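These notes are about the structure you will find just below.
The values are calculated or read from the model by the stated rules, or taken from the named source; none is laboratory data. For clarity, every value in this text was computed on a predicted model and none was experimentally measured. Cβ atoms come from the backbone with ideal geometry, glycine included; neighbour counts cover every protein chain shown. Each accessible area value is taken on the protein alone, full model and side chains, heavy atoms only, with ligands, DNA and RNA left out. Shrake-Rupley method; radii C 1.70, N 1.55, O 1.52, S 1.80 Å.
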Amino acid sequence: MPLQGLIFDVDGTLAETEEVHRQAFNEAFAAFGLPWKWERPLYKELLPVSGGKERILHYLTKWHAQDLAAVREKIPAIYDFKTQQYTGAILAGAVELKPGIARLMGEAKARGARLAIATTTHRDNVEALLQHTLPEQGVSLFDAIVAGDEVSAKKPDPQVFEAALRKLRLPVASCVAFEDSANGVNAARGAGLRVVVTPGIYTADDDFSAASSVVSDLGERGRPHQHLAGWKWPDGYVSFAALRTKTEEGPA
Ligand code: XBP
Ligand code: MG
């Protein structure tokens with residue numbers, strides 16, 4: 001079936017954003033007078049819990065159960081503050097798109113393909129990232145955006161990818177997902193999508209065995225990526241033409 005749709009995860013896939021999230025969480029904890037500090041090793045342990053609110057509740061329950069009654073109802077306010085801190089940092093230029101992302105999106109649109117976002121993060125975070133990194137088109141580049149709280153279950157549940165497919169009005173066999181984590185791969189595979197993985201700084205040792213391709217990044221002409229597993233890419237970068245060949249050749 002011809003390739004017609006690309007569905008992108010956000011955090012760790014469009015850009016390496018998790019350090020900005022981690023910093024924003026810590027700023028929120030300080031602002032609310034909580035003596036909590038998520039350092040990198042702990043954040044790596046917490047990341048498999050999708051969603052900032054769910055992640056905070058998981059941490060509170062597991063590490064500070066004695067404060068559960070006092071803090072639980074503050075989680076929405078803590079998360080809102082965190083989101084404001086995060087979007088502020090993104091709009092101030094904290095990150096840039098990973099290699100090949102803007103190029104592949106441009107190639108896809110030039111060939112009439114549709115683009116979607118399927119993410120666990122807050123919609124405000126997505127819009128800030130797109131506004132800063134794709135200033136000409138931003139959100140309008142995408143035919144569908146499905147963000148964290150718009151589905152009842154977050155990744156690894158497939159709902160966010162299923163919702164994106166519905167909004168794209170495309171069959172699953174004509175689309176490919178891009179992810180950075182095992183949660184994301186499992187969610188995309190659960191929706192029946194093939195997946196190209198570019199691991200994030202926190203997910204390099206995740207299990208990507210269900211993915212069709214694992215590469216360090218999507219690469220650029222003359223700046224080849226590192227091939228890690230699965231599909232091999234001519235000249236070391238993922239082009240729309242090469243992606244179309246792979247997806248039309250292989251099984252769904
Ligand atoms: C990754 C996540 C998000 C972010 C934090 O989302 O699991 O929870 O870590 O963002 P993606 P929020 O699906 O884009 O990889 O605090 O807004 O959840
Ligand atoms: Mg991700």
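Given the conditions (1) open to solvent by less than 10 Å² (accessible area, probe 1.4 Å); (2) within 15 Å of ligand 2 (Cβ to nearest atom), which single one is not true for S213?
Going through the list (1) open to solvent by less than 10 Å² (accessible area, probe 1.4 Å); (2) within 15 Å of ligand 2 (Cβ to nearest atom), S213 breaks only (2).
Looking only at the stretch 107-124, which residues are of a type outside the set (D, E), under 14 Å from R244 (Cα atoms) and surrounded by fewer than 23 Cβ atoms within 10 Å (Cβ to Cβ)? So that I can check it myself, show each step before the final result.
Applying the first criterion (of a type outside the set (D, E)) to the stretch 107-124 yields 108-123.
Going one step further and asking which of them are under 14 Å from R244 (Cα atoms), we end up with 108-114.
If the condition is that a residue be of a type outside the set (D, E), under 14 Å from R244 (Cα atoms) and surrounded by fewer than 23 Cβ atoms within 10 Å (Cβ to Cβ), then A108, K109, A110, R111, G112, R114 are the ones that fit.
Would you please name the residue that is nearest to G5 (Cα to Cα), looking only at residues in the stretch 95-143 that are touching a Gly at 6+ places or on another chain (Cβ under 9 Å) and of a type in the set (G, A, S)?
Across the stretch 95-143, the extreme among qualifying residues is A113.
Tally time: how many residues in the stretch 1-56 are more than 16 Å from ligand 2 (Cβ to nearest atom), open to solvent by 40 Å² or more (accessible area, probe 1.4 Å), under 23 Å from A118 (Cβ atoms) and in a helix (DSSP H, G or I)?
1
Check whether at least one residue in the stretch 180-201 is of a type in the set (D, E) and part of a helix (DSSP H, G or I), and report yes or no.
Going residue by residue through the stretch 180-201, those that are of a type in the set (D, E) are 180.
From what's left, part of a helix (DSSP H, G or I): none.
No, there is no match, as no residue in the stretch 180-201 is of a type in the set (D, E) and part of a helix (DSSP H, G or I).
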